[in-house]
1. Please go through region B:79-119 and give me each residue that is under 22 Å from B:Asn57 (Cβ atoms) and surrounded by fewer than 15 Cβ atoms within 10 Å (Cβ to Cβ), ordered by number.
2. Does A:Asp89 count as surrounded by fewer than 18 Cβ atoms within 10 Å (Cβ to Cβ), at pLDDT 50 or above and among the charged types (D, E, K, R)?
3. Which of the residues belonging to region B:68-109 are in contact (Cβ under 8 Å) with a residue 60 or more places away in the chain and aromatic (Phe, Trp, Tyr)?
4. For the structure I just gave you, tell me whether B:Met112 is of a type in the set (A, V, I, L, M, F, W, C) and within 9 Å of chain A (Cβ to nearest Cβ).
5. So B:Leu140 passes all but one of these: (1) surrounded by fewer than 16 Cβ atoms within 10 Å (Cβ to Cβ); (2) touching a helix residue (DSSP H, G or I) at 6+ places or on another chain (Cβ under 9 Å). Which condition number does it fail?
6. Is it the case, given these coordinates, that B:Leu111 is modelled with pLDDT under 95 and either charged (D, E, K, R) or in a strand (DSSP E or B) (or both)?
7. When only residues in region B:43-78 that are more than 11 Å from chain A (Cβ to nearest Cβ) and among the small types (Gly, Ala, Ser) count, which is surrounded by the fewest Cβ atoms within 10 Å (Cβ to Cβ)?
8. Which of the strands (runs of 3 or more DSSP E) contained wholly in region B:127-177 include at least 3 residues that are at pLDDT 90 or above and closer than 17 Å to B:Ile85 by Cβ?
Amino acid sequence: MFIGQTRFLASSLKLETATGEQRPLTRVQAAVLVMLLGERGRVVSRASIQAAIATACGSELPQQAANAAQSPKARADSRTETRADTRTDTRADKSFVALDDIMASLERLIGADWHSHFEVVGRQGFILHHRRPARRLFARPAGELSAPLFVGLILILAGLLFFLNRQLPTLELLPFSQQQTLTNASGESLLWRRVGETNTAIKQLKAILPQCEHQPWQRISVSASSAAPHPLLHLVLEGGALSAPQNLKLFDIDGDESLSLAVLKEAGVCD
Amino acid sequence: MTDTVSWSGRSLWLAALVILLPLLALVGMQHWTEDRGDLELGCTAQLADGEGPLSENLALHLSIHDGNAELVYGVHRDGVELGAIRLWGTLSEWTPASLSYHLSLDKGQVLMDFTQPRLPDHLQQVVMLGRQPLVQGKPLPVSFRVLELEKHSALVVFDDSQALWSCEVKKWGPMAR
């Protein structure tokens, strides 16, 4: 049975590393491994493991379990004192600590393969996974990655964002300089939109439009060419009886009184 | 237990590819569309002055294909083209995000109906304005933006003149032919 590249030799109670080195296990450590490997991929409760240890080692628990975590010398020294204590102490608390110590001792024996397969499930128990669990990129990136690598990735992403920001143009929003609803006396509304700067003719047009008795258009977009060849008022009329928008170019309307309701009616801007 | 595991090299390469490939595809798409700003617009306008509608109409035809641009601006009466200006050159730049087009028109012609004694006044003034850079051997820069785009129509404004046009969209995009 393998934990990563470390092989558990149940018959000889040994672990064999990837390099071929064999490491002896205590009976308690072996019992824990047998239990975890038997339930591989599932949560094994602390009580179950304790029961397995008790079955395998009898009355030596939990002190022997605690000893498993100690150095061989300390373990040997303390072995003579164990048996009297184990029967009288509060077993639950000690066994809880002892189990963690056993796991720590296994971690020291097995190394990287252990903590890439082994998982503590709160205070309930433990899982020995079949394979190394998938890395969770967004769970704890700083914890999963080494600090220089994490900073490096962040810098690369920031550089990419800067590059993209320079490469991809931003969308220009709100192309209209002015946008508002005009309402005439009969309550008909018209969306007025101006592109660019205003001038006298545009102001006149905006003032006259609400005077229309009937508004045949739903939307009027307007702009003014003040430069050569000659002043021109550009109107785009939309939403009328004709489905397609209509363009209207008004010449010679730069004078103070050049635009009137009559002119707009003649041109079909209003009825 | 302390977790000192760091990512393996293969995982890092995979993560870098997952991040980089879509970004590179985005930049590639941007460059691809920059080269393919094909477009064809047809626009007509009624003319009017302070006394009412005039009998002439204006017509504007604008086409961009494979980086070449052509602009035809004419005056019509009763369906007959009295005269027109045809300018052509290249699409020097366009920005898909803001739908801004910059044309560099270095060649031009004046087209006139044979029966007309002279160009319409408005067209004559446009010719005088547009020919100056060409006479000096420079291209005429023309820039416009599409403010609104619907299925069959586009609202277009020319940057220099602020001329506003609603145009029929005849072709649009890289697949336009």
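The values are calculated or read from the model by the stated rules, or taken from the named source; none is laboratory data. Every value quoted in this text rests on a predicted model; they were computed, and no experiment measured them. In this analysis, Cβ positions are derived from the backbone assuming ideal geometry, glycine residues included, and neighbour counts consider all displayed protein chains.
1. Once the filter is applied, which keeps residues that are under 22 Å from B:Asn57 (Cβ atoms) and surrounded by fewer than 15 Cβ atoms within 10 Å (Cβ to Cβ), region B:79-119 yields B:Gly79, B:Val80, B:Gln109, B:Leu111, B:Phe114, B:Thr115, B:Gln116, B:Pro117, B:Arg118.
2. Numbers: surrounded by fewer than 18 Cβ atoms within 10 Å (Cβ to Cβ): yes; at pLDDT 50 or above: no; among the charged types (D, E, K, R): yes.
Considered against the rule, which asks whether it is surrounded by fewer than 18 Cβ atoms within 10 Å (Cβ to Cβ), at pLDDT 50 or above and among the charged types (D, E, K, R), A:Asp89 comes out as no.
3. Answer for region B:68-109, where residues must be in contact (Cβ under 8 Å) with a residue 60 or more places away in the chain and aromatic (Phe, Trp, Tyr): B:Trp94, B:Tyr101.
4. No, not satisfied.
5. Answer for B:Leu140: the failing condition is (1).
6. yes
7. Within region B:43-78, the match that is surrounded by the fewest Cβ atoms within 10 Å (Cβ to Cβ) is B:Ser55.
8. On the way: elements: B:140-149, B:153-158, B:164-172.
It comes to B:140-149.
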